[in-house]
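Participant: Got a structure here, written out as structure tokens. Questions coming.
The values are calculated or read from the model by the stated rules, or taken from the named source; none is laboratory data. No experiment lies behind these values; they were computed from the predicted model shown. Cβ placement follows ideal geometry from the backbone for every residue including glycine, while neighbour counts extend to all protein chains displayed. In case anyone asks, the SASA skips ligands and DNA or RNA and just uses the protein heavy atoms, side chains included. Shrake-Rupley method; radii C 1.70, N 1.55, O 1.52, S 1.80 Å.
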Amino acid sequence: MSYRQYCLLALAAAAPALAQPSVDQILTAYAQALGGQAAYEKVTTRAMKGTVEIPDDNVTGTALVVAKAPGSFRLTMDIPGYGVVETVLDGDNGWKKDPDSGTHAMSKADLAVAQRDHHFYREVRLKELYPKMQAAGPDKVGGRAVNVVEATPAAGPAEKLYFDAESGLLVKRDFERVTLEDGIVQYEILFKDYRDVDGLKLPFTIEQRSPDNTMIFKFTGIKNNAPLADAAFAKPEK
């Protein structure tokens, strides 16, 4: 093999790696696909209503999400045969409620995770929430090409974020959580059925999978800048 042939082969082998976008390019494309960071940050509240399916139990309940910038969030699920389950975050306070354990405050670790997961502008401020981010190469999700970013928060293990190579939108998120009952639990969340809402692209189907169960949220209505009272984020009743 001649030196010229060797160089051409080396360049050909390196080409795919060189073509991979950087973290900044991936995140910029994501923000643009959502509708632009400036437009995204003009929204200060959001209300979402729909259903939650739990295929393992063959049940479908109602789901209501209300959120307010910068860090107030409430998810209320009414699950047939079980009851009302709530996750509430109001700045530096967070609670959970379910029929088994009633209402209880989040632990310090759970609160930190909730504040990161439910930051109102999370989608366009990922670099603030994950101080260390690096491109992890190409992959496929559902047969579609994606660009993977490994994102490490200030505390806790790294996560993987999968962005559609064509649309730029986030389609999957992999992470782990530690629980007293089960130890380390692996989760994956799939974001599907993005639709236009006031010029922004938002997922109307969110599927959360873990070894124990799968929950599929299907939203029928999403309203930006919905009027919300502060009482919407009050501590759940016992």
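Participant: Once you sort the root eigenvalues of the Cα gyration tensor of the stretch 110-215 as a ≥ b ≥ c, which label holds: rounded (a/c under 1.5), prolate (a/b larger than b/c) or oblate (the other case)? Provide the component values of the computation, followed by the final result.
Facilitator: Details: a/c = 1.39, a/b = 1.32, b/c = 1.05.
In terms of gyration-tensor shape, rounded.
Participant: Let me ask something additional. Which shape class applies to the stretch 155-238: rounded if a/c is under 1.5, otherwise prolate when a/b exceeds b/c and oblate if not, where a ≥ b ≥ c are the square roots of the Cα gyration tensor eigenvalues?
Facilitator: Since a/c reaches 1.5 but b/c is at least a/b, the shape of the stretch 155-238 is classed as oblate.
Participant: Kindly provide the helix-only [θ] at 222 nm of the chain, computed as the sum of -39,500 (n - 2.57) over DSSP H runs of four or more divided by all residues, to the nearest 500 deg cm²/dmol?
Facilitator: After summing the helix terms and dividing by the residues of the chain, the value is -5500 deg cm²/dmol.
Participant: Strictly over 28 Å apart at the Cα level, which of Lys127/Lys172; Lys49/Lys235; Lys108/Lys192; Lys68/Lys108 would you flag in this model? Let's see the in-between values first.
Facilitator: Details: Lys127/Lys172 17 Å; Lys49/Lys235 20 Å; Lys108/Lys192 31 Å; Lys68/Lys108 21 Å.
Checking Cα-Cα distances, Lys108/Lys192 exceed 28 Å.
Participant: So what's the net charge close to Pro157: Lys and Arg +1, Asp and Glu -1, counting the other residues with Cβ under 11 Å from its Cβ? Kindly include the intermediate steps, with their values, before the conclusion.
Facilitator: Numbers: positive: Lys160, Arg177; negative: Glu150, Glu159, Asp174, Glu176.
Local charge sum for Pro157: -2.
Participant: If packing is taken as the mean number of other Cβ atoms within 10 Å per residue, what is the order of 153-165, 225-237, highest first? Intermediate results must be reported in sequence, preceding the final value.
Facilitator: Details: 153-165: 17.1, 225-237: 13.1.
Most protected by this proxy first, the peptides run 153-165, 225-237.
Participant: Would you mind counting up the charge near Arg125? Only other residues with Cβ under 11 Å from its Cβ, with Lys and Arg at +1 and Asp and Glu at -1.
Facilitator: On the way: positive: Arg116, Arg122, Lys127; negative: Glu41, Glu123, Glu128.
Its environment carries a net charge of 0.
Participant: Note down the net charge around Lys96, summing +1 for each Lys or Arg and -1 for each Asp or Glu among other residues with Cβ under 10 Å from its Cβ.
Facilitator: My count for the surroundings of Lys96 gives -2.
Participant: With percent of Cα pairs over 24 Å apart as the read-out, I listed (i) 51; (ii) 40; (iii) 48; which label goes with the value calculated from this structure?
Facilitator: Recomputing percent of Cα pairs over 24 Å apart here picks out (i).
Participant: Relative contact order for the chain using alpha-carbon pairs under 8 Å, separation at least 6, rounded to a whole percent?
Facilitator: 21 percent
Participant: Once phi is turned into θ = phi - 60°, what whole-Hz ³J(HN,Hα) does the Karplus curve with 6.51, -1.76 and 1.60 give for every residue of the stretch 42-48, x standing for Gly and Pro?
Facilitator: So the J values, rounded to whole Hz, are 7, 7, 10, 9, 8, 10, 10.
Participant: Please identify the DSSP H helices in the chain that span no less than 18 Å along the helix axis (Cα) and have a mean Kyte-Doolittle hydropathy of 0.5 or more.
Facilitator: TM-like helix candidates: 3-19.
Participant: Considering only protein heavy atoms and a 1.4 Å probe, what is the carbon-and-sulfur percentage of the accessible area of the chain?
Facilitator: 53 percent
Participant: Hey, can you find the accessible area per residue of the stretch 10-135 for me, probe 1.4 Å, expressed in square angstrom?
Facilitator: Per-residue value: 52 Å².
Participant: Still on this structure, please answer the following. With a cut-off of 8 Å between alpha carbons and a minimum separation of six or more residues, what is the relative contact order of the stretch 83-193 in percent?
Facilitator: Value for the stretch 83-193: 12 percent.
Participant: HN-Hα J couplings of the stretch 49-62 from phi, Karplus 6.51/-1.76/1.60, θ = phi - 60°, integer Hz, Gly and Pro as x?
Facilitator: 10, x, 10, 10, 9, 10, x, 4, 9, 6, 10, 9, x, 9
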